[in-house]
Amino acid sequence: MTLAFALLLFVSTSLSGVQTQSVAAAGVTTVMAITLPAYDGELEIDGTPISGSGVSRRYETPSLTPNRSYQYKVIAKWAPNTYTKMTRTKVVSFRAGERVTIDMSADDPTDRVTVIYVPTPENIVAKMIEMAAITPHDVTYEPGVGDARITIAAVKAGARGGVGIDLDPERVEESRANVKAAGLSDKIDIRLGDALEQPDLGKMTVVLLYMGDHFNMLIRPYLWKQLPIGARVVSHRFLMGDWKPDQTVSINDDYGLPYDVHLWTIKEEHKKP
Ligand SMILES: C[S@@+](CC[C@H](N)C(=O)[O-])C[C@H]1O[C@@H](n2cnc3c(N)ncnc32)[C@H](O)[C@@H]1O
């Protein structure tokens with residue numbers, strides 16, 4: 001390398017360093033004050049986990065271009081109880097430099113729920129099917145189908161078909177194997193997915209649930225809007241907020257522990273806007 005070339009390289013490197021620094025110095029940061037739904041909730045901002053605890057969190061963005069608009073995806077995750085995990089997502093738009101307040105604590109229809117797998121004991125399955133008063137016209141829908149024991153029982157009781165959906169591929173595989181073993185593959189459709197993503201309930205007449213209060217509250221608007229009048233909803237243990245059940249029956253599980261089974265019927269009033 002000649003001396004002249006080396007000198008040129010040094011000058012241009014130094015100059016570019018100065019330039020980068022001056023852009024960075026002109027940048028501004030945005031401070032976000034975020035309210036989480038739970039003290040130990042997890043926070044993720046634009047794909048990056050942000051450590052911390054407490055319901056009030058603070059996040060300062062990296063240096064941003066002044067006056068430019070930005071959009072960040074903010075995700076809160078928490079477990080309101082040992083069997084339910086919640087995910088709440090908000091897309092926040094702001095101008096670089098302005099202070100942003102984000103309330104992640106309020107319920108939102110776009111919340112997503114994951115419930116752990118706990119199968120319904122067989123005697124409670126039998127009570128659910130009895131309360132659903134299955135007829136040969138019925139098509140059943142079971143969000144969180146597990147091993148498909150309830151849907152299989154419903155079709156064996158006379159329903160003309162059943163649809164079950166589960167988030168967990170292992171459960172889907174197990175359900176399909178059980179449906180096949182029961183000789184019902186032509187009547188029962190087992191799907192992989194989140195039951196809260198685009199639920200299509202228009203053709204269903206019976207919904208069978210063992211999913212927890214949070215899931216029930218999120219699916220409730222779809223039940224009211226999409227199910228036909230006269231459709232029945234049967235839930236093992238969990239309620240539907242202020243939607244009072246038409247019937248509740250208490251039954252002991254195999255260990256003698258009491259569980260409630262609730263029945264609701266879709267009525268004209270649920271179709272009013
Ligand atoms: C409590 S178990 C109930 C299983 C079955 N319904 C029964 O009563 O025997 C909940 C099931 O829902 C599934 N699950 C949890 N969250 C879900 C979601 N958002 N969408 C679909 N399936 C879900 C779990 O994988 C699990 O199999």
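The values are calculated or read from the model by the stated rules, or taken from the named source; none is laboratory data. Please read these numbers as outputs of a predicted model, since none were measured by experiment. Cβ coordinates were reconstructed from backbone atoms using ideal geometry, including for glycine residues, and neighbour counts include every protein chain displayed.
Checked against the criteria, Ala154 counts as in the same structural domain as Asn216 (by TED's automatic domain parsing), buried (at least 19 other Cβ atoms within 10 Å of the Cβ) and under 23 Å from Met131 (Cβ atoms).
If you go through segment 153-198 and keep only what is over 28 Å from Met86 (Cβ atoms), in contact (Cβ under 8 Å) with a residue 12 or more places away in the chain and assigned to a loop (DSSP other than H, G, I, E, B), you end up with Ala157, Gly158, Ala159, Arg160, Ala182, Leu184, Lys187.
Tell me which residues, restricted to segment 89-146, are hydroxyl-bearing (Ser, Thr, Tyr), within 27 Å of Gly230 (Cβ to Cβ) and assigned to a strand (DSSP E or B).
Thr140, Tyr141
Might you check whether a residue that is under 17 Å from the mean Cα position of the chain (by Cα), within 10 Å of the ligand (Cβ to nearest atom) and within 29 Å of Ala79 (Cβ to Cβ) occurs anywhere in segment 123-143? Yes, segment 123-143 contains a residue that is under 17 Å from the mean Cα position of the chain (by Cα), within 10 Å of the ligand (Cβ to nearest atom) and within 29 Å of Ala79 (Cβ to Cβ). Scanning segment 144-175 for residues that are near the ligand (Cβ under 10 Å from one of its atoms), touching a strand residue (DSSP E or B) at 6+ places or on another chain (Cβ under 6 Å), on the phi < 0 side of the Ramachandran plot and among the hydrophobic types (A, V, I, L, M, F, W, C) yields Val145, Ile150, Ile165, Val172. If you go through segment 240-256 and keep only what is within 15 Å of the ligand (Cβ to nearest atom) and either part of a loop (DSSP other than H, G, I, E, B) or not assigned by TED's automatic domain parsing to the domain that holds Thr120 (or both), you end up with Asp253, Asp254.
Please state which one of Ile188, Ile229 is within 14 Å of the ligand (Cβ to nearest atom), among the β-branched types (Val, Ile, Thr) and either over 24 Å from Asp108 (Cα atoms) or out of contact with any Asp or Glu (no Cβ under 9 Å at 6 or more places or on another chain) (or both). Matching residue, one of Ile188, Ile229: Ile188.
Please identify the pairs in which a residue from segment 134-152 that is more than 13 Å from Glu122 (Cβ to Cβ) and aromatic (Phe, Trp, Tyr) has its Cβ atom under 8 Å from the Cβ atom of a residue that is in a strand (DSSP E or B) and more than 10 Å from the ligand (Cβ to nearest atom), counting only partners at least 6 apart or on another chain. From residues that are more than 13 Å from Glu122 (Cβ to Cβ) and aromatic (Phe, Trp, Tyr), the pairs are Tyr141/Gly162; Tyr141/Val163; Tyr141/Val206; Tyr141/Val207.
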